[in-house]
1. Based on the alpha-carbon gyration tensor of segment 2-74, what equivalent-ellipsoid semi-axes (square roots of 5 times the eigenvalues) come out, in whole Å, largest first?
2. What FRET efficiency, computed as 1/(1 + (r/R0)^6) with R0 = 22 Å and r the Cβ-Cβ distance, is obtained for R53 and K30, rounded to the nearest 0.05?
3. With +1 on each Lys and Arg Cβ and -1 on each Asp and Glu Cβ, and nothing else charged, work out how big the dipole of segment 2-74 is about its Cα centre, in Debye to the nearest 20.
4. Where in segment 1-31 is the amide nitrogen less than 17 Å from a point lying 7 Å along the Cα-to-Cβ axis of N39?
Amino acid sequence: MMKRAIELAKERGFHRLGLTVVADNHRAIKVYENVGFKNEGVARDAFYGDDHRYHDEVEMGLLLNDHLRVFQCTNRVPDWQTA
């Protein structure tokens with residue numbers, strides 16, 4: 001299901017997807033990592049759970065065009081320098 005959601009986002013031209021997940025939810029974090037999401041940080045005590053305690057949340061993101069990024073070196077002079 002997650003892979004299909006990512007495909008739909010790509011088809012619709014999204015640049016990035018983001019999500020938060022409770023840091024204690026190791027299974028969900030693993031699922032998100034397996035489809036390409038990266039850990040972008042932790043929001044401390046950001047979620048108040050049913051257990052009446054605060055929990056950290058992991059911020060995760062996925063850049064949908066990461067596989068398209070190609071860094072090339074060229075000897076061409078930038079257009080702004082030729083004016």
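1. Semi-axes from the Cα gyration tensor: 29, 14, 10 Å.
2. Given R0 = 22 Å and the Cβ-Cβ separation, E is 0.45.
3. 420
4. Those under the cut-off are 19-31.
Read-outs throughout are calculated quantities, based only on the coordinates presented, and are distinct from any laboratory measurement. Remember, it's a predicted structure, so these values are computed and weren't measured experimentally. Neighbour counts run over all protein chains shown; Cβ positions are idealised from the backbone, glycine included.
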